[in-house]
Amino acid sequence: MKFRAVLHDQQLMREFLNAVLTLSKLTKECVMNISADKLIFIINEESSSSAPLVWAEIKSNIYFDTYTMEGVDAEHANIYLAFNPANLARSLAVISRGSVTYVKIKLTNKQFPCLTVDIQLPSANNVQNRQIVHDVPVDMIPRRDWGAYKMPHVPESQIVLTMPSLRFLRNLIDKIKNLSPSITFYANTNGELSIVAETDQATVASHYRNLEVKKVHYDENSENCGNRANTEKGMEVACLVDCKKTAVFLSALQINNLVMSCGIVQDHLIQMELEIRLGMVLHCIIPAVCV
Amino acid sequence: MHNSKILYHKGLLRNWKMLTQSQYSQIKFVAKLENIKGFFGSLKAINFDETGTFQISDSGVRVIVENSKFVQASVYVTKECFSEYHVPPDETIQFYVNLNVVTECLGIFSGVECSMKMIYKGAGCPLVLVLEHHGEDDVVTECSIKTKNHEEPLDYSLDEDGPSYNAIIIRGPDLANIFNEIDRTAEELEFLLSPKEPFFRITTIGVIQSETQVEVAKTSDMITTFRCKETTSMRYKMSHIKLAFKALLLSSKVAIRTDSSGLLGLQLIIQSDDEAQIYIEFFITPLVNYD
């Protein structure tokens, strides 16, 4: 098994660090799935009780300058590793502090398997360059357990909206979290989004208007949409989710000023998607709760 | 709650009572604040108990919080602060709410400037707050907060014509500084007001009889008005005085008043940019039987 990835661009490095930081805020153990064309970080829902299902997908050919990998064999061309994202974030932290010549990430075997992070810092005269090497211990996941880390099957969202500013939404959900354990997301094809919480003490409803509707998916076979189904006026969907989970995801995000889209599948789940740049996407699925 | 009523018909909200009071043809109280910052800050400063009483009259809105009859704090917002203000003449509206819920709701846009409309229809109806943010996002938040029948708050008053009625007005930031310097771990605190030296003295008495004293001369810059006829000295529990600290940080001027009964009245004028002013008033009962 082999894995080696190199980054030269400062901006990309910083984004990579931010993605890892976001993961480290959500969980103590995340799984990295290395395949020929993609690098996927997965946080399994069961690994920590409050975190939602989150995964980050990085397209190797677009993102990395050099990317080589060799799987177990031709048939199973993947590598699955488990590690603590906080360790990786700490080894990458130097990126945020100044200019870096390159970042190399390698899979090595030093008595036990490690992800070796090799960072070079330039010096003023370009002679005494500094080299920082960190070894992040990882656990190899045996092939029989791979099935547990398969990409989740995501049903197509009936409506996908561009979300209002992230800072705003984070605050809103953070406050509602103290009032109510669950919230309802409601969206329609007119670009209206309502976030509603109801308790015996208070009813709080936030209404956004004029949001961009990114996608509408008419599901003709579906009957469970009931009276809220495809009407001539347009379509609307709603989903009740756990407030804490949503808040955990939003407050973990280390990436600001980015456009987030939110897809809703009627009574099933909401999925949030952050496209950090072409080739790097962060997904989050928050399942519906029953009342 | 006209935006939220739609959601009721879609089955997303269940508590119809919180959304409408169709049995009342007329709204009793409507008021609009263009910027909630001052009101929100003051309310947070006195939110040391869960329940608060709203007293709405012709001249303004008062929110009263009590701590087991030892301390009473109230925020008073004059009618002039509101851009719109309607109450039936010669009538005082009173109701009880969970103040934690109110502050949580007001904080939903935390930090961002927003306007607030308050609506109350009558006994048994919820207090409706409509928060509107004016900015890039077109967003309205409607909060409907359950109210309860009021329990008459205690009426504290000082004997202003009595011979031992003393009052001084001191600059808020300076008084806050004094309180920052004194021993906050002390058990008791003594206020002394006198027409002769030491004029104004704050003494703290700690558990092992440790003492700190701060004296402010009558001629000090921080005192703007000094009206003392007789020496009064009374002790208060530090934990009671502490409840006023948060409010003190917001104030521009503080009137310290006391009379022969020893009841301490603190009147704070909250700093604000415009003419309209918000007041916070504290009444703190003294400790009895000390030698």
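The values are calculated or read from the model by the stated rules, or taken from the named source; none is laboratory data. Model, not experiment: these values are computed from the prediction. Cβ: placed from backbone, ideal geometry, glycine included. Neighbour counts: every protein chain shown.
Under the condition of being part of a helix (DSSP H, G or I) and among the aliphatic types (A, V, I, L, M), which residue from segment A:80-103 is surrounded by the fewest Cβ atoms within 10 Å (Cβ to Cβ)? Break it down into steps so the answer makes sense when it comes.
The initial filter retains those residues of segment A:80-103 that are part of a helix (DSSP H, G or I), namely A:85-97.
The next check asks that each one be among the aliphatic types (A, V, I, L, M); those that pass are A:86, A:88-89, A:92-95.
On the way: A:Ala86: 18, A:Leu88: 25, A:Ala89: 22, A:Leu92: 24, A:Ala93: 14, A:Val94: 18, A:Ile95: 23.
Within segment A:80-103, the match that is surrounded by the fewest Cβ atoms within 10 Å (Cβ to Cβ) is A:Ala93.
Name the residue, out of B:Asp155, B:Asp174, B:Asp138, B:Asp161, that is within 22 Å of B:Leu249 (Cβ to Cβ) and of a type in the set (D, E, K, R).
Details: B:Asp155 fails: within 22 Å of B:Leu249 (Cβ to Cβ); B:Asp138 fails: within 22 Å of B:Leu249 (Cβ to Cβ); B:Asp161 fails: within 22 Å of B:Leu249 (Cβ to Cβ).
Being within 22 Å of B:Leu249 (Cβ to Cβ) and of a type in the set (D, E, K, R) holds for just one of B:Asp155, B:Asp174, B:Asp138, B:Asp161, which is B:Asp174.
May I ask you to list the residues in segment A:165-192 that are surrounded by fewer than 22 Cβ atoms within 10 Å (Cβ to Cβ), within 12 Å of B:Val112 (Cβ to Cβ) and of a type outside the set (Lys, Arg)?
A:Ser165, A:Phe168, A:Asn171
I want to confirm something. Restricting to segment B:92-104 and keeping residues that are in contact with a Ser or Thr (Cβ under 8 Å, 6 or more places away or on another chain) and among the polar types (S, T, N, Q), which single residue is nearest to the other protein chains (Cβ to nearest Cβ)?
Initially, segment B:92-104 is screened for residues in contact with a Ser or Thr (Cβ under 8 Å, 6 or more places away or on another chain), giving B:92-99.
With among the polar types (S, T, N, Q) added as a condition, the list becomes B:92, B:94, B:98.
Values: B:Thr92: 24, B:Gln94: 19, B:Asn98: 6 Å.
Of everything passing the filter in segment B:92-104, B:Asn98 is nearest to the other protein chains (Cβ to nearest Cβ).
Evaluate the following for B:Val139: is it within 14 Å of chain A (Cβ to nearest Cβ) and at negative phi? Before the answer, list the steps.
Numbers: within 14 Å of chain A (Cβ to nearest Cβ): yes; at negative phi: yes.
Against the criterion (within 14 Å of chain A (Cβ to nearest Cβ) and at negative phi), B:Val139 qualifies.
Here's the yes/no breakdown for (1) part of a loop (DSSP other than H, G, I, E, B); (2) at pLDDT below 80:
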{"position": "A:Val204", "(1), (2)": "no, no"}
{"position": "A:His207", "(1), (2)": "no, no"}
{"position": "A:Val241", "(1), (2)": "no, no"}
{"position": "A:Val248", "(1), (2)": "no, no"}
{"position": "A:Ile255", "(1), (2)": "yes, yes"}
{"position": "A:Leu258", "(1), (2)": "yes, yes"}
{"position": "A:Asp267", "(1), (2)": "yes, no"}
{"position": "A:Ile276", "(1), (2)": "no, no"}
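With the structure loaded, tell me whether B:Thr53 is closer than 27 Å to A:Ser180 by Cβ, within 14 Å of chain A (Cβ to nearest Cβ) and crowded, with 16+ Cβ neighbours inside 10 Å or whether it fails that test. Break it down stepwise before answering.
Details: closer than 27 Å to A:Ser180 by Cβ: yes; within 14 Å of chain A (Cβ to nearest Cβ): no; crowded, with 16+ Cβ neighbours inside 10 Å: yes.
Judged against the criteria, B:Thr53 is not a match.
Kindly indicate whether any position in segment A:134-156 is more than 14 Å from chain B (Cβ to nearest Cβ), among the hydroxyl-bearing types (Ser, Thr, Tyr), within 19 Å of the chain's Cα centre (by Cα) and within 16 Å of A:Ile286 (Cβ to Cβ). Working first, answer last.
Kept after step one, since they are more than 14 Å from chain B (Cβ to nearest Cβ), are these residues of segment A:134-156: A:134-156.
Within this subset, residues satisfying the condition of being among the hydroxyl-bearing types (Ser, Thr, Tyr) are A:149.
Adding the requirement that they be within 19 Å of the chain's Cα centre (by Cα) leaves A:149.
Next cut, within 16 Å of A:Ile286 (Cβ to Cβ) only: none.
No.
Among the residues of segment B:33-44, is there at least one that is in contact with a Phe, Trp or Tyr (Cβ under 9 Å, 6 or more places away or on another chain), farther than 26 Å from B:Ser157 by Cβ, away from chain A (no Cβ under 14 Å) and outside any loop (DSSP other than H, G, I, E, B)?
yes
Can you tell me which condition A:Phe64 does not meet? The list is (1) over 18 Å from A:Leu115 (Cβ atoms); (2) without any contact (Cβ under 8 Å) to a residue 60 or more places away in the chain, and all the others hold.
(1)
Could you give me the residue pairs with C-beta distances under 9 Å whose first residue belongs to segment B:236-265 and is in the same structural domain as B:Ile170 (by TED's automatic domain parsing) and free of Cβ contacts under 8 Å to residues at least 40 places away in the same chain, whose second residue is part of a loop (DSSP other than H, G, I, E, B) and among the polar types (S, T, N, Q) wherever it lies, and which are 6+ apart or on separate chains?
Filtered contacts from segment B:236-265: B:Gly262/B:Thr285.
For segment A:133-151, how many residues meet the condition of being part of a strand (DSSP E or B) and either crowded, with 17+ Cβ neighbours inside 10 Å or in contact (Cβ under 8 Å) with a residue 40 or more places away in the chain (or both)?
Step one: list which residues in segment A:133-151 are part of a strand (DSSP E or B), which gives A:133-137, A:139-140.
Among the residues that remain, those that are also either crowded, with 17+ Cβ neighbours inside 10 Å or in contact (Cβ under 8 Å) with a residue 40 or more places away in the chain (or both) are: A:134-137, A:139-140.
Residues that pass the stated criteria total 6.
Within segment A:187-204, which residues are touching a Cys at 6+ places or on another chain (Cβ under 8 Å) and at the interface with chain B (Cβ under 10 Å from one of its Cβ atoms)?
Going residue by residue through segment A:187-204, those that are touching a Cys at 6+ places or on another chain (Cβ under 8 Å) are A:187, A:193, A:197, A:202-204.
Listed by number, the residues that qualify are A:Leu193, A:Ala197, A:Ala202, A:Thr203, A:Val204.
Looking only at segment A:207-218, count how many residues are facing chain B (nearest Cβ under 10 Å) and under 25 Å from the mean Cα position of the chain (by Cα). Before the answer, list the steps.
First, pick out the residues of segment A:207-218 that are facing chain B (nearest Cβ under 10 Å): A:207-211.
Filter once more, keeping what is under 25 Å from the mean Cα position of the chain (by Cα): A:208, A:211.
Number of matching residues: 2.
Of the conditions (1) in contact with a Ser or Thr (Cβ under 6 Å, 6 or more places away or on another chain); (2) outside the structural domain of A:Ile40 (by TED's automatic domain parsing), A:Thr116 clears all except one; give me its number.
The number of the failed condition is (2).
Just to be sure, is B:Glu80 touching a residue at least 40 places away in the same chain (Cβ under 8 Å), loosely packed, with under 15 Cβ neighbours inside 10 Å and within 13 Å of chain A (Cβ to nearest Cβ)?
So B:Glu80 fails the test.
Please go through (1) in contact with a His (Cβ under 8 Å, 6 or more places away or on another chain); (2) at pLDDT below 75 for A:Ser194 and return the number of the only condition it doesn't satisfy.
Failed condition: (2).
Contact list please: Cβ distance under 6 Å, first residue in segment B:210-227 and more than 26 Å from B:Ala186 (Cα to Cα) and of a type in the set (Ser, Thr, Tyr), second residue part of a strand (DSSP E or B) and modelled with pLDDT of 90 or more, pairs at least six apart or on different chains.
Cβ pairs passing all conditions: B:Thr224/B:Ile169; B:Thr225/B:Ile169.
Filter segment A:161-175 for residues that are in contact (Cβ under 8 Å) with a residue 24 or more places away in the chain and in contact with an Asp or Glu (Cβ under 8 Å, 6 or more places away or on another chain) and give the result.
Let us first name the residues in segment A:161-175 that are in contact (Cβ under 8 Å) with a residue 24 or more places away in the chain, namely A:161-164, A:166-167, A:169-170, A:172-174.
Within segment A:161-175, A:Leu161, A:Thr162, A:Pro164 qualify.
Just to be sure, is B:Ile27 over 22 Å from B:Ser110 (Cβ atoms) and at pLDDT 90 or above?
Details: over 22 Å from B:Ser110 (Cβ atoms): yes; at pLDDT 90 or above: no.
For B:Ile27, the condition - over 22 Å from B:Ser110 (Cβ atoms) and at pLDDT 90 or above - is not met.
Let's see how each residue does on (1) more than 14 Å from every other protein chain (Cβ to nearest Cβ); (2) surrounded by fewer than 18 Cβ atoms within 10 Å (Cβ to Cβ):
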position: B:Asp90; (1), (2): yes, yes
position: B:Leu106; (1), (2): no, no
position: B:Ile119; (1), (2): no, no
position: B:Leu127; (1), (2): no, no
position: B:Ser144; (1), (2): no, no
position: B:Asn149; (1), (2): yes, yes
position: B:Arg184; (1), (2): yes, yes
position: B:Phe191; (1), (2): yes, no
